[in-house]
Amino acid sequence: MSAAVTNDIIVQFSLVPAADAFVPIILDAVEGVTTIDGLKVETDAVSSTLVGGREPVLAALSRTFARASASGAHIVQPLLASHGSAGDDAAGAAVLDLSGFVAPPPSNVKAAAQFLLLPERADLRPAIDARARDFLGGLGLATRAKQLVTRVDGDASLVLAALLWLLERTGRVAGETVLQATLVSNSPATEAFA
């Protein structure tokens, strides 16, 4: 499936509840997603594909993650997203404009996440990673660079909104950009994030 308009964000995501009764959790979480205006949805046994602007995609991802998390089960939501067009006039990280972000209402779901932004122009990745961490930290989200990814913790809706904002804005200046992210809630681990 491909987006007809380059302004679309394409997201492939799954919900993985760690619960014996995982099917009702997934079905409840995705209920109503197909009715979100401006969103194209395809589903199969492995994942769902969302195609649309940043706002409808964010609404779908936030809703499904929050509803699944409300079950109390340990929830993992892996996602793979793309924005921008191959061969776009990639201006570079120096003009990566992250201003204008508006935080969504809180979901009241604590999420731990890790992500990787892969711009078409690989030479821009170190600068974009640094700008992304500064941007996320400025939103009050806890971040930490890891070997391959960046860890970010905070309210699930804010984390998702910020990641989609980074994807959209990076795609504008660095050509087609791919975002790989994994969000987790209700983790049984008792790690301390510093």
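The values are calculated or read from the model by the stated rules, or taken from the named source; none is laboratory data. Computed from a predicted model, the values in this text were never measured in an experiment. All Cβ positions, glycine included, derive from the backbone under ideal geometry; neighbour counts span all protein chains shown. Side chains are part of the model used for accessible areas, which takes the heavy atoms of the whole protein and leaves out ligands, DNA and RNA. Shrake-Rupley method; radii C 1.70, N 1.55, O 1.52, S 1.80 Å.
Relative to the compact-globule scaling 2.2 N^0.38 Å, provide the ratio for the alpha-carbon radius of gyration of the range 142-194.
Values: Rg = 12.9 Å, N = 53, 2.2 N^0.38 = 9.9 Å.
Ratio of Rg to 2.2 N^0.38 Å for the range 142-194: 1.30.
Which whole-number value in Å² is the accessible area per residue of the range 123-194, probe 1.4 Å?
On the way: 3070 Å² over 72 residues.
Normalised by residue count, the accessible surface of the range 123-194 is 43 Å².
If packing is taken as the average number of other Cβ atoms within 10 Å across a peptide's residues, how do 29-40, 74-85, 104-115 rank, most packed first?
On the way: 29-40: 14.8, 74-85: 20.8, 104-115: 17.8.
Order by mean packing, descending: 74-85, 104-115, 29-40.
With only Lys, Arg, Asp and Glu charged, each at its Cβ (+1 for the first two, -1 for the last two), find how big the charge dipole of the chain is about the Cα centre; round to the nearest 20 debye. Intermediate values should be presented prior to the final figure.
Values: 14 positive and 20 negative charges, 94 e Å.
For the chain, the charge dipole is close to 460 debye.
What is the distance in Å between the Cα centroid of the range 93-123 and that of the range 28-54?
Distance between centres, Cα-based: 21 Å.
Using alpha-carbon pairs under 8 Å, 6+ residues apart, how would you state the relative contact order of the chain in percent?
Values: 376 pairs, mean separation 54.9, N = 194.
It comes to 28 percent, rounded to a whole number.
Counting only helical runs of four or more DSSP H residues, what would the 222 nm mean residue ellipticity of the chain come to if each run contributes -39,500 (n - 2.57) and the total is spread over all its residues?
Values: 4 runs with 58 residues, N = 194.
Rounded to the nearest 500, the figure is -9500 deg cm²/dmol.
Using amide H atoms built in the peptide plane, which far-off residues or other-chain residues are under 5 Å from F101 H to H?
Here nothing satisfies the definition.
Go through the range 148-157 residue by residue and turn each phi into a ³J(HN,Hα) via Karplus (6.51, -1.76, 1.60, θ = phi - 60°); whole Hz please, and just put x for glycine and proline.
10, 9, 10, 8, 9, 10, x, 4, 4, 5
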